[in-house]
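Chemist: This is the structure I have questions about; it appears just below.
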Amino acid sequence: MKIAVCVKRVPDMDARFRISADGTSLDEAGLKFDINEPDAWAVEAGLQLKEKAGQGEVVVLSLGPPAVQETIRKALSMGADRGIHLAADRIPFDGFSIARALAAELKDGAYDLILFGKMSPDSSNGIVGAIVAELLDCACVTAVSGLEMADGKGTAKRELEGAQEFVEFTLPAVLTVDEGLNTARYPSLKGIMAAKKKPLESRPAQLGEPMVTIESLAMPPDRPPGKIVGEGAAAVPELVRLLQNEAKVL
Amino acid sequence: MPNILAFAEQRSGELRKVALENVTAARALADAAGGEVHALLVGGAGIAARAEQLGKYGADVVLVCEHDAFKDYNPEATAALAAERIKSGGYRVAVFATSAQGRDLMPRVAARLGVGIVTDVTEARIDADAVVVQHPINIGKVIATASIVSTPAVIGLRPGNTTLAEHARAGKVEAIQPVGDPAAARVKVKEMKVGASAKLDIGDAPVVIAGGRGLKSAEGFKLAEDLADAFGNAAVGATRAVCDDGWRPHSEQIGQTGRVVSPDLYIAVGISGAIQHLAGMRTSRTIVAINKDKEAPIFKIADYGIVGDVAEVLPALTAAVREARKSH
Ligand SMILES: Cc1cc2nc3c(=O)[nH]c(=O)nc-3n(C[C@H](O)[C@H](O)[C@H](O)COP(=O)(O)OP(=O)(O)OC[C@H]3O[C@@H](n4cnc5c(N)ncnc54)[C@H](O)[C@@H]3O)c2cc1C
Ligand SMILES: Nc1ncnc2c1ncn2[C@@H]1O[C@H](COP(=O)(O)O)[C@@H](O)[C@H]1O
């Protein structure tokens, strides 16, 4: 089984973000970066499938500046076989551009499965995987939280609002991975050493013209300051009064 | 004329609330631009009966595709149909919901059309040469204003962000045919299991009672359930810590890796208020926090807070809410 996993390098969301002087990007100074968590689940899923099949290859792709090679190395240290870096000055906001470049690279790779995270928290878009699937004209299941593969076919579980969907799909397929599918392994020391010697190619990303551009960034408006109504059950009558008369939600 | 296509999501033959939100929002876009709203309704036998409701919220035309292969969600055939319609109808904007289904469907449609897409949109307007949207990035810590320069533009609205408004329009029904064979799909929904009860979904409920580790155990959530019952229009949500511990299903998780909700009232009980949790609820209209630690970060975002033990405060609040609702 030949599996590709697309991983994104994302900033730690605990950070205090600052808008750059250009007004359309974030200042990266001082930010910590790591592999997007759902993408780590996708890597884990790929590794488990390969281990179960007893053979195969897990190839990791990441698009962005040279620093994304660290993210690829992390996936290699988890156990992936080789990496492909699609080089770009920065990771564009337009998910379609990213998808186009990834699809161009994946097109002739003869992959049985191409795995993505469900969403990246920086773009907060959740679109790249399904666009790649359409560009490659292959089956696609998004937000997979359960997976079984047998006889070149798969069954996936998806969480809907208040419901679950069980979906059958044929290969080749694109899957986007949601929480619940697995817990990603930590790279072992041996894995980290081995990763240093694994092949990692780099070539320019074929991004094309973006169809979505950032005009400006702003911090969300502060909520009006709240108040502590009181302590313990004694504060309940006052809270109820506020909910009725001030907030008018009761 | 810049017409707008609004996708009308349904489940098991019933319109979802986001379908009405989409039509309401599309109506506002169309009115500002002097165009019409066409709703696209795809479903199994009998789905045409739901068209009237879409007219009530502002659809001038309802394009209805009724076919057995659309009884369950059929991603490929729905994407093919929507893309074909959007192209042949010459729409300026196609409006979807950023729901589980919409998240699956709209990137497929955008890819087929080769056009720009932004999901989780909180505001949109049509300019001369772009559709300009607001979209929270970095889990809502930054708000991006983005231009989609393609025609059409595909946008996914944040569920709960549009206040429903009726604008009676003709809702003229036009029956349409599937594109290709809708039964010949590589991806097939075999089964859909709807949650144990017919309870309100956290995305649709006007009131959300969200519980955290402060509720102590799965059984402890009874306190939150009781409060939700007292409201009558409330649903129970949870933090990731709680879902990871198996106290609640992941479908109830609110936050960065869970659901994003914007109810009228959000009551956080025994929740610390980690940034990843705030990502899923910070746009709620009124936020109440109950936590025994007065330094808990959740109080920074709450409109009203009570410092106290949930075991003591929740039963009192439940009784008071019951009383208040009785006297309506
Ligand atoms: C990549 C990533 C993604 C994440 N995604 C999400 C997400 O989607 N959603 C999410 O929620 N979290 C998410 N998290 C986890 C998040 O960081 C927090 O760990 C989590 O939200 C904490 O849950 P909690 O508030 O229930 O628990 P805790 O942080 O343990 O807080 C419990 C609170 O209960 C209070 N308490 C205890 N006992 C009582 C009592 N008797 N009465 C009143 N109050 C009491 C305590 O004072 C405390 O404030 C994510 C983390 C990461 C790293
Ligand atoms: N620059 C990138 N390089 C590789 N994969 C990416 C990149 N951006 C997004 N992806 C993949 O697409 C998924 C969804 O991203 P998004 O559509 O931005 O939410 C991510 O979880 C990754 O799997």
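The values are calculated or read from the model by the stated rules, or taken from the named source; none is laboratory data. Worth saying up front: this structure is predicted, and the values here are computed from it rather than measured. Reconstructed Cβ throughout: ideal geometry from the backbone, glycine too, with neighbour counts over all protein chains shown. Each accessible area value is taken on the protein alone, full model and side chains, heavy atoms only, with ligands, DNA and RNA left out. Shrake-Rupley method; radii C 1.70, N 1.55, O 1.52, S 1.80 Å.
Chemist: From other protein chains only, count the Cβ atoms within 10 Å of every residue's Cβ in A:236-247, then give the mean.
Modeler: What the average comes to for A:236-247 is 6.
Chemist: While we're looking at this one, here's another question. Looking at chain B, what % of its DSSP beta bridges pair antiparallel, to the nearest 5?
Modeler: 20
Chemist: Length gain on complete extension for the stretch B:ARG213 to B:ALA49, per 0.36 nm per residue less the alpha carbon to alpha carbon distance?
Modeler: Stretched fully, the B:ARG213-B:ALA49 segment lengthens by 54.6 nm.
Chemist: Tell me what the protein assembly as shown gives for mean residue ellipticity at 222 nm when only DSSP H runs of n ≥ 4 count, each as -39,500 (n - 2.57), the sum divided by the residue total, rounded to 500 deg cm²/dmol.
Modeler: Taken over the protein assembly as shown, the calculation gives -8500 deg cm²/dmol.
Chemist: Considering only DSSP beta bridges whose two residues both sit in the protein assembly as shown, what percent are antiparallel, to the nearest 5?
Modeler: Looking only at bridges with both residues in the protein assembly as shown, the antiparallel portion is about 35 percent.
Chemist: Within a Cβ distance under 14 Å of B:LEU314, other residues only, what is the Lys/Arg minus Asp/Glu net charge?
Modeler: Value of the local net charge: -2.
Chemist: What's the extension gain from A:SER25 to A:THR213 if we count 0.36 nm per residue and subtract their Cα-Cα distance?
Modeler: 66.6 nm
Chemist: What residues of region A:193-220 lie in the reach of a label at B:ASP129, counting those whose backbone N is under 17 Å from a point 7 Å from the Cα along Cα→Cβ?
Modeler: Zone members listed by number: A:209-216.
Chemist: Once each part is reduced to its C-alpha centroid, what is the distance from region B:1-26 to region A:44-104 in angstrom?
Modeler: Their Cα centres are 36 Å away from one another.
Chemist: Which value, in Å to one decimal place, does the Kirkwood hydrodynamic radius take for region B:58-155 when every pair of different Cα atoms is included?
Modeler: 14.4 Å is the Kirkwood radius here.
Chemist: Which of A:GLY129, A:GLY226, A:GLY83 moves the most in a Gaussian network model of chain A with Cα springs under 10 Å?
Modeler: The residue with the greatest mean-square fluctuation here is A:GLY226.
Chemist: Right, something else. For B:ALA241 and B:LYS56, compute 0.36 nm times the residue count separating them, minus their Cα-Cα distance, and round to one decimal in nm.
Modeler: 62.4 nm
Chemist: May I ask for the Kirkwood hydrodynamic radius of the protein assembly as shown, worked out over all distinct Cα pairs and given in angstroms to one decimal?
Modeler: Evaluated on the protein assembly as shown, it is 24.5 Å.
Chemist: Can you tell me the FRET efficiency between A:GLU201 and A:ALA67 if r is taken as the Cβ-Cβ distance and R0 is 25 Å, rounded to the nearest 0.05?
Modeler: 0.90
Chemist: While we're on this one: Assigning unit charges at the beta carbon (Lys, Arg +1; Asp, Glu -1) and nothing else, what dipole magnitude in debye, to the nearest 20, does chain B show about its Cα centre?
Modeler: Around 260 debye, computed over chain B.
Chemist: Would you check the accessible area of A:GLU70, probe 1.4 Å, heavy atoms only, in square angstrom rounded to 10?
Modeler: 120
Chemist: State the answer as a single residue: which of A:LEU175, A:PHE17, A:SER77 lies farthest towards the positive end of the charge dipole of chain A, with beta carbon charges of +1 for Lys and Arg and -1 for Asp and Glu, about the Cα centre.
Modeler: Towards the positive end, the residue furthest out is A:SER77.
Chemist: Only four residue types carry charge here, +1 at the Cβ of Lys and Arg and -1 at the Cβ of Asp and Glu. Report the dipole size of the protein assembly as shown about the Cα centre in Debye, rounded to the nearest 20.
Modeler: My answer is approximately 560 debye.
Chemist: Next question, about the same structure. Counting other C-beta atoms within 10 Å, and keeping those with at most 15, which DSSP coil trypsin sites (Lys or Arg not before Pro) do you find in region A:43-129?
Modeler: A:ARG90, A:LYS107
Chemist: Now a separate question. So what's the gap between the Cα centers of region B:131-194 and region A:1-38, to the nearest angstrom?
Modeler: That distance is 27 Å.
Chemist: Then there is this: Can you tell me which lysines have their Cα less than 22 Å from the Cα of B:LYS300? Leave out same-chain residues fewer than eight positions away.
Modeler: The reachable lysines, counting only those whose Cα sits under 22 Å from B:LYS300, are A:LYS227, A:LYS248, B:LYS141, B:LYS292.
Chemist: While we're on this one: Have a look at the DSSP beta bridges in chain A and tell me what percent are antiparallel, nearest 5.
Modeler: Given both bridge residues lie in chain A, the antiparallel proportion sits at roughly 40 percent.
Chemist: Determine, from the Cβ-Cβ distance of B:ASP229 and B:ALA175 and an R0 of 41 Å, the FRET efficiency 1/(1 + (r/R0)^6), rounded to the nearest 0.05.
Modeler: In this case the efficiency is close to 0.45.
Chemist: May I ask you to list, by number, the DSSP H helices of chain B whose Cα span along the axis is at least 15 Å and whose average Kyte-Doolittle hydropathy reaches 0.5 or more?
Modeler: B:17-33
Chemist: For A:LYS153, which lysines qualify as cross-link partners when the Cα separation must be under 18 Å and same-chain residues fewer than eight apart are set aside?
Modeler: Once the sequence-local lysines are set aside, what remains near A:LYS153 is A:LYS2, A:LYS50, A:LYS52, B:LYS188, B:LYS190.
Chemist: Could you tell me which of rounded, prolate or oblate describes region B:81-134, using a ≥ b ≥ c as the square roots of the eigenvalues of the alpha-carbon gyration tensor, with rounded for a/c under 1.5 and, failing that, prolate when a/b is larger than b/c and oblate otherwise?
Modeler: It comes out oblate by the Cα gyration axes.
Chemist: Mind checking the dipole of region A:2-204: about its Cα centre, +1 per Lys or Arg Cβ, -1 per Asp or Glu Cβ, Debye to the nearest 20?
Modeler: That gives region A:2-204 a dipole magnitude of about 800 debye.
Chemist: Given the alpha-carbon gyration tensor of chain A, what are the semi-axes of its equivalent ellipsoid in whole angstrom, ordered largest first, with each equal to the square root of 5 times an eigenvalue?
Modeler: 37, 24, 19
Chemist: Take the alpha carbon gyration tensor of chain B, find the square roots of its eigenvalues, order them as a ≥ b ≥ c, and report rounded if a/c is under 1.5; if not, report prolate when a/b exceeds b/c, else oblate.
Modeler: prolate
Chemist: Let me ask something else. Using r as the Cβ-Cβ distance of B:LYS222 and B:ASP293, and R0 as 22 Å, what FRET efficiency do you calculate, to the nearest 0.05?
Modeler: 0.50
Chemist: Next up: Take A:ASN245 and B:ALA319, extend 7 Å from each Cα along the Cα→Cβ direction, and tell me the distance between the two endpoints in nm.
Modeler: That separation, rounded to one decimal, is 2.2 nm.
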